[in-house]
């Protein structure tokens, strides 16, 4: 994947993924990463990157081993949650990695590399710096996406209740932003919001899943028909607004922010 060495000290190699290329291309820079040391590309592309991929691919088996370790200490009625626990935990971890790769890391990298653009600063991103940032973001977001699982099992074990979490949600949101500030590899507000927004949504998803569990315990049913009717009405309203925006006001849908342009 690298190019033959030249007389230039910092020879350039193609990026290990399309994220850096997309970010640099969007800023109209040369879409390549810089190789600073001789072993840099080998260590990243052929050693570290496969290990990172294997962590995500093997996550269902890893989670299953965790469950197999703790299951002997659980009651029989609690062991029936094995399949939902494994599938939910591994699925959310992989979903978090995909979100980090296609959304958080891509747009965050575009924002960071564009900070010095107006001052005439041209970025030169090394392979190692790029990959280290990629690992921090991907694993951080993957772990953050486990928040609904944590909340659900806290409600399952009767540590908290959905009502308690809703009543104290302002403190939870404050804690989410603090965690996002720690996980975010940069101190800017843009990347902070890229992390905090899905965390807040996942917090309420976990509460909703726990609420369904409480209803099941109390032999009550959630009003799915009424809820789906309201959701469908809202989606139809949004579709109508989108249709009018495109046909009457001449807006066009583009695959990047702000997604609607004239």
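The table that follows gives values for the structure above.
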| item | result |
| --- | --- |
| Cβ-derived FRET efficiency at R0 51 Å, residue 218 paired with residue 115, nearest 0.05 | 0.45 |
| Residue exposure sequence - 32, 129 - by fewest surrounding Cβ within 10 Å | 129, 32 |
| Least to most buried among 228, 154 (fewest other Cβ within 10 Å first) | 228, 154 |
| Stretch gain in nm, segment residue 200-residue 37, where the contour uses 0.36 nm per residue and the Cα spacing is subtracted | 54.6 nm |
| With Cα atoms, 0 to 90° folded angle of helix 224-247 axis to the chain main axis | 30 |
| Global geometry of the chain, whether rounded, prolate or oblate, following the gyration tensor of its Cα atoms and the 1.5 cut on a/c | oblate |
| Cα gyration tensor, region 1-145 - rounded (a/c under 1.5), prolate or oblate | prolate |
| Average Cα contact separation per residue, region 157-222, under 8 Å, 6 or more apart, as relative contact order % | 34 |
| Estimated inter-spin distance, residue 232 and residue 71, nm [label 7 Å along Cα→Cβ] | 3.9 |
| Contour minus Cα-Cα distance for residue 170 and residue 244 (0.36 nm per residue) | 23.0 nm |
| Relative contact order [Cα under 8 Å, 6+ residues apart], region 1-145, whole percent | 31 |
| Ascending count of other beta-carbon atoms within 10 Å, so fewest first, for 207, 246 | 246, 207 |
| Anisotropy class of region 157-222 from Cα gyration tensor, a/c 1.5 cut | prolate |
| Mean separation of Cα contacts under 8 Å (6+ apart) over length of the chain, as relative contact order % | 16 |
| C-alpha long axis of helix 59-70 to longest principal axis of the chain, angle in ° | 40 |
| C-alpha long axis of helix 147-156 to longest principal axis of the chain, angle in ° | 20 |
| Residue of 164, 195, 152 that the Gaussian network model of the chain assigns the largest fluctuation, springs spanning Cα pairs under 10 Å | 164 |
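Here, each number is a calculation from the coordinates, and none is a lab measurement. Owing to the predicted nature of the structure, the values given are computational and were not obtained by experimental measurement. For neighbour counting, all protein chains shown are included, and Cβ atoms are generated from backbone atoms with ideal geometry for every residue, glycine included.
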